[in-house]
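Shown next, in structure tokens, is the structure this report addresses.
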Amino acid sequence: MNTLTHFASPQLPLLHRGKVRDSLRAPSGDRLIIVTDRLSAFDSVLETAIPHKGAVLNGLANFWFDKTAHIIPNHVLKLVDANAMLVKEAQPIKVEMVVRQYLTGSMWRGYQTGQRTFSGVTVPDGMTKHESFPQAIVTPTTKEESDREITPENLVSEGWVTKELYEQMVVKSQMLFAVGSQLLAEKDIILVDTKYEFGLLNGKLILIDEMHTPDSSRFWAAEDFAKNPETVEQMDKEYVRQWLIANKKDGQYPRALTPEVAQEASRRYLDIYQRITGEALPTADTAAAGTPGSGRHDARARLLANLVQAGLVKDAWVNIVLGSPADKEHGEKIRQQFEGYDIFTQLRVTSAHTNGEAIADMAETWNNSLEPGVIIAVTSLGNGLGGALASNVNVPVISCLPYNDYAELAMNLNSSAITPSGTPNLTVVRPDNAAQAALRALNIPRLRERLSKDIIATKAQLKAADEELRVL
């Protein structure tokens, strides 16, 4: 399946990896949010990703942020890709504003056991499942390891928000819900309940995260609700939850979905997107995968191309890993050789012997990077680093070892060239050749074209020199 399950890049520091969203620091200092196709249910992320899910969530959030900007400013700067959004860096308020129009979900389960007050809001006796409240109610929760219901008074007394700020959040939440409900009603969809998250930007309240998506909201088809309110089916990931419940064994939910269930879940996400926006998801048209202009080519390749076009990343990287700070001068010599080739380079430091455990953390990013990369190991007095890196990463590793004399070079070459099986470490002596080998290993069309021109230019120089010297 063509899915985006994980995002990593040495070029963008990871700020937070959530159940569905990955947040990274953009070069501008803003935040880049990648909405993956991961699906969480019952507080865990399933092994099976849902095709197009991330693009649906990202596209719907952008749609709603645009529709409600007149009510409250939001954090969106621009939609970079179907799965990526560049946003302003705001100070998040650790409170979820849950707005409910109907007695359903966890609230209904609590109601059945006799609970009548929810987050400080008291509802009357005698209500039935899926019954509408006279007006939408706000039942806030905290954003902690396990979210909890909390009264407005306790939100203030515990220091989550000030009284004035909370009142602002309530008013804005009710206005957002009213606009969302009206627009969706025109499309025969009921906005049952939802959550909003806010932040502060230069001291001003703004809307952040997502809004009115199948993951943050509960939707019902108006037609189904009219037929039988108590059996109405949710237009969100409840389909997957019910399948997991039906296939629970020994108290454990399945960790993976069948291909048929994943495809049906994808169809439902695409359907709700089209019903809300009035248009099909641009990256999910019916043309065959790979058809020019179809948008259905590999999601990772498309995302990388769009991030490069937006100036957020280069299309390739080289990490020069030093065995100690003493190797910095040699590392910089190699790094200088990449000037003019428009790739991202970075110096890192780790020792195969002293803190080899750090390699695993670095390898997690390298092995999952969206863009192609190469590692150059730089360490003197033997080369355990090149082999340690090569045995842990899925990208090429080239060792280029500093030396003071030929005796030291011979010793280093021996330790670098003779490595155990499963450690494909390549060894190059000269810094310029190490850089050139890395450029070729990247195997990117634009670099191959540039290298071909370099080769032609070198041949032309030699030919010119030959003609000049031949006449002397």
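Descriptive notes on the structure:
- In the stretch 201-242, the residue that is modelled with the lowest pLDDT out of those that are part of a loop (DSSP other than H, G, I, E, B) and hydrophobic (A, V, I, L, M, F, W, C) is Met235.
- Any hit, the stretch 53-65, residues being in a loop (DSSP other than H, G, I, E, B) and surrounded by fewer than 20 Cβ atoms within 10 Å (Cβ to Cβ): no
- Qualifying positions in the stretch 66-84 - charged (D, E, K, R) and not in a helix (DSSP H, G or I): Lys78, Asp81
- Of all the listed residues (Ala437, Ala441, Ala465, Ala457), the sole one being in contact with a strand residue (DSSP E or B) (Cβ under 6 Å, 6 or more places away or on another chain) and more than 19 Å from Asn367 (Cα to Cα) is Ala437.
- Any hit, the stretch 270-285, residues being open to solvent by less than 20 Å² (accessible area, probe 1.4 Å), farther than 22 Å from Thr3 by Cβ, at pLDDT 95 or above and not in a helix (DSSP H, G or I): no
- Scoring Ile376 on the criteria (1) closer than 18 Å to Ala352 by Cβ; (2) modelled with pLDDT under 95 leaves a single failure, condition (2).
- Every test in (1) crowded, with 20+ Cβ neighbours inside 10 Å; (2) of a type in the set (Val, Ile, Thr); (3) within 30 Å of the chain's Cα centre (by Cα) is passed by Val232 save one, and that test is (3).
- For the stretch 194-209, filtering for residues that are in contact with a helix residue (DSSP H, G or I) (Cβ under 6 Å, 6 or more places away or on another chain) and open to solvent by 10 Å² or more (accessible area, probe 1.4 Å) leaves 1.
- Search result, residues across the stretch 243-262 that are assigned to a helix (DSSP H, G or I), touching a residue at least 60 places away in the same chain (Cβ under 8 Å) and of a type in the set (Gly, Ala, Ser): Ala262
- Consider the stretch 414-471 and keep the residues that are of a type in the set (A, V, I, L, M) and part of a loop (DSSP other than H, G, I, E, B). The one that is farthest from the chain's Cα centre (by Cα) is Val471.
- The one condition in (1) open to solvent by less than 60 Å² (accessible area, probe 1.4 Å); (2) free of Cβ contacts under 8 Å to residues at least 40 places away in the same chain that Leu447 fails to fulfil: (2)
- Any hit, the stretch 177-193, residues being within 24 Å of Ala55 (Cβ to Cβ), acidic (Asp, Glu), open to solvent by less than 20 Å² (accessible area, probe 1.4 Å) and not in a strand (DSSP E or B): no
- The stretch 28-47, residues that are of a type in the set (S, T, N, Q), part of a strand (DSSP E or B) and either in contact with a helix residue (DSSP H, G or I) (Cβ under 7 Å, 6 or more places away or on another chain) or open to solvent by less than 10 Å² (accessible area, probe 1.4 Å) (or both): none
- Within the stretch 1-27, the set of residues being in contact (Cβ under 8 Å) with a residue 24 or more places away in the chain, of a type in the set (Gly, Ala, Ser) and either open to solvent by 60 Å² or more (accessible area, probe 1.4 Å) or assigned to a loop (DSSP other than H, G, I, E, B) (or both) comprises Ser9, Ala26.
- Residue in the stretch 95-111 that is out of contact with any strand residue (DSSP E or B) (no Cβ under 7 Å at 6 or more places or on another chain), surrounded by 12 or more Cβ atoms within 10 Å (Cβ to Cβ) and among the β-branched types (Val, Ile, Thr) present: no
- Residue within the stretch 82-93 that is more than 20 Å from Leu14 (Cα to Cα) and among the charged types (D, E, K, R) present: no
- Of all the residues in the stretch 183-221, those that are more than 16 Å from Arg268 (Cβ to Cβ), out of contact with any Pro (no Cβ under 9 Å at 6 or more places or on another chain) and aromatic (Phe, Trp, Tyr) number 1.
- Single match in Ser391, Ser369, Ser351 (criterion: modelled with pLDDT under 95 and either within 30 Å of Leu451 (Cβ to Cβ) or β-branched (Val, Ile, Thr) (or both)): Ser391
- Cβ-Cβ contacts under 6 Å between residues 6 or more apart (or on different chains), taken from a first residue in the stretch 44-63 that is more than 17 Å from Val76 (Cα to Cα) to a second residue that is in a helix (DSSP H, G or I) and open to solvent by 10 Å² or more (accessible area, probe 1.4 Å), are listed as His52/Leu270; His52/Ala284.
The values are calculated or read from the model by the stated rules, or taken from the named source; none is laboratory data. In this text, all values refer to a predicted model and were calculated from it rather than measured experimentally. Reconstructed Cβ throughout: ideal geometry from the backbone, glycine too, with neighbour counts over all protein chains shown. Side chains included, ligands, DNA and RNA excluded: accessible areas come from the protein's heavy atoms. Shrake-Rupley method; radii C 1.70, N 1.55, O 1.52, S 1.80 Å.
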